[in-house]
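> Got a structure for you, written out below as structure tokens; questions coming shortly.
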Amino acid sequence: MATVTAQRADTAETVTYPPQTGIFKHISKAIPYFRNPRHVLILKLDCLLLTWTFIAGIMKEMDQSATTQAYVSGMREALSLYGNELVFFNTYFSIGYAIGLVPGQLAQTRVRPSLFLPTCEIIWGLFVIVTCKAQNATTVYALRFFLGLFSAVFWPSVVSLIFNWYTPKELAFRIACFNVSDVAGAMFLGALQAALYRNLNGAHGIAGWQWLFIVSGVITIAQGIVGFFIIPDTPAYTRAKWLTEDEKKLSRERMEGFGANTSKLIPPAILKQKLRKLIVHPVTYFFLAAFALNAWAHRATSYFVLYIESLKDAAGNRMYSTYQVNVLPLGGYAL
């Protein structure tokens, strides 16, 4: 048995922990902090589950916003998009997203998130790749609709996963980290399009804007495949190979200590009671207003590239190259 002494209430108390196994058997000898199984569990969750959700969040934002970057990088001219097509690209995505939200969540009460969520990610990654072969706006409309339909499950599913594995005191930091992925995705998208346009535009007869859909889609599919092995479902039903049996048991005990039973659905009567409280609570509407303003600001910022591209000098020439149009907004996203 491994022991570590902690000072509690002005007295030295020896706390006995079960011996660690695997790599943490050696790490705990050098770092006493990891003799506590709870600390090891949280580290694993952060390094695997939280990291996967962060990278997946980046890819979702990149896939969702790829048409805007591609539009200013040659897609408009290639597909003769000289009307409101870009607006409709986002509209059809939103329609699919709205339709897929509720069914996607209901499906996960029947299918494991570790199977359903990665499958949806792989499917929407395929739609992203196929977009590079679109010959007209109508095709893109259809692809964007299905992209929205299958990606609708992502955000609420990931938040549910985080809530299933972290205690209330641990949630704020983890949710904040996940939310950063939204802006990070927009930033990386611009950098990726700039790099692809400069280095691969015309390579193998494929334009730079087409490479954006190919690369982004391939990474998304790879991320989805990894999700089959990383996503731990719920503490009650987890099959994660990276958790020991003791850690699975500890996870259930941690959540049950806060009244969270992840093995049962909420009874309809209790659900209705909670919904009524949610509807009448003023914080709900403050949250909705703040979320709406943030979403509008984020969406408006994504159109900044159109403004930069439209700028011309006194002679009527473009002030910024396609590469610069993709790079200039990055500072704002970083801030």
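> Could you give the length gained by full extension between Thr139 and Leu288, i.e. 0.36 nm per residue of separation minus their alpha carbon distance, to one decimal place? Each step should come with its number before you reach the end.
Values: separation 149, 0.36 × 149 = 53.64 nm, distance 3.37 nm.
That pair, Thr139 and Leu288, stretches by 50.3 nm at full extension.
> Something else: How big is D for the stretch 58-199, in µm² s⁻¹ as a whole number, if Stokes-Einstein is applied with the Kirkwood radius of its Cα pairs at 10 °C and 1.306 mPa s? Before the final figure, lay out each step's value.
Numbers: Rh = 16.3 Å.
Result for D is 98 µm²/s.
> Subtract the Cα-Cα distance of Arg239 and Ala30 from 0.36 nm times their separation in residues, and report this length gain in nm to one decimal.
Details: separation 209, 0.36 × 209 = 75.24 nm, distance 3.01 nm.
Net length gain for the segment: 72.2 nm.
> Applying the Karplus parametrisation 6.51 cos²θ - 1.76 cosθ + 1.60 with θ = phi - 60° to the phi angles of the stretch 36-47, what ³J(HN,Hα) value in whole Hz is obtained for each residue in order, glycine and proline being reported as x?
Taking θ as phi minus 60°, the curve returns 7, x, 5, 5, 5, 4, 5, 4, 4, 4, 5, 6 Hz for the stretch 36-47.
> Go ahead and set up a Gaussian network model of the chain, Cα springs under 10 Å, then flag whichever of Glu256, Glu247, Glu61 fluctuates most.
Glu256
> Based solely on its DSSP helices, what 222 nm [θ] is calculated for the chain when runs of n ≥ 4 H residues each add -39,500 (n - 2.57) and the sum is averaged over all residues, nearest 500 deg cm²/dmol?
Numbers: 15 runs with 224 residues, N = 335.
Result for the chain: -22000 deg cm²/dmol, rounded to the nearest 500.
> After finding the eigenvalues of the alpha carbon gyration tensor for the chain, what semi-axes result from the square roots of 5 times each, listed largest first in whole Å? The partial results should precede the final answer.
Values: eigenvalues 365, 110, 77 Å².
Ellipsoid semi-axes (Å, largest first): 43, 23, 20.
> Angle, helix 208-230 long axis vs. longest principal axis of the chain, Cα atoms, 0 to 90°, nearest 10?
The helix 208-230 is inclined about 20 degrees to the chain.
> Another question about this same structure. Hey, in the GNM for the chain with a 10 angstrom Cα cutoff, which one of Ile31, Ile308, Ile95 fluctuates hardest?
Most flexible of the set in this elastic network: Ile31.
> Using θ = phi - 60° and the Karplus relation 6.51 cos²θ - 1.76 cosθ + 1.60, list the HN-Hα couplings for the stretch 231-239 in order, rounded to whole Hz, with x at every Gly or Pro.
Per-residue couplings from phi come out as 4, x, 6, 10, x, 6, 10, 5, 10 Hz.
> OK, next. Quick one: 3J(HN,Hα) in Hz for the stretch 72-80, Karplus 6.51/-1.76/1.60 with θ = phi - 60°, rounded, Gly and Pro as x.
Values per residue, Gly and Pro as x: 8, 10, x, 5, 4, 5, 5, 9, 6 Hz.
> Also, I was wondering about something else. Per residue, what volume in Å³ does the convex hull of the Cα atoms of the stretch 232-324 enclose? Walk me through the numbers before you get to the answer.
Working: hull volume 17.9 nm³, N = 93.
Measuring per residue, one finds 193 Å³ for the Cα hull of the stretch 232-324.
> Cut-off under 30 Å on the C-alpha distance; same-chain residues fewer than 8 positions from Lys248 excluded. Which lysines are left, in chain and number order?
Output for Lys248: Lys25, Lys29, Lys44, Lys60, Lys169, Lys264, Lys274.
> For the chain, set up a GNM with springs between Cα atoms under 10 Å and report which of Ala289, Ala314, Ala66 has the largest fluctuation.
In this elastic network of the chain, the residue with the biggest mean-square fluctuation among Ala289, Ala314, Ala66 is Ala314.
> Same structure again: Counting just the Cα atoms, what span does the stretch 154-265 cover along each of its three principal axes? Round to the nearest Å and put the largest first.
58, 26, 23
> Let me ask you something else. Given labels modelled 7 Å from the Cα in the Cβ direction, how far is it in nm from Ile175 to Lys272?
Inter-label distance under the simple model: 2.7 nm.
> Provide, as a two-decimal number, the C-alpha radius of gyration of the stretch 29-101 over 2.2 N^0.38 Å, N being how many residues it has.
Ratio of Cα Rg to 2.2 N^0.38 Å: 1.89.
> So, how do all the Cα-to-Cα distances of the stretch 175-241 break down into 5 Å bins, in percent, from 0 on up?
4, 14, 15, 17, 17, 12, 9, 6, 4, 2, 0
We did not get these values from a lab; they are worked out from the coordinates using the rules stated. Keep in mind the model is a prediction, meaning the values are calculated, not measured. Cβ sites come from the backbone with ideal geometry, for glycine too, and all protein chains shown count toward neighbours.
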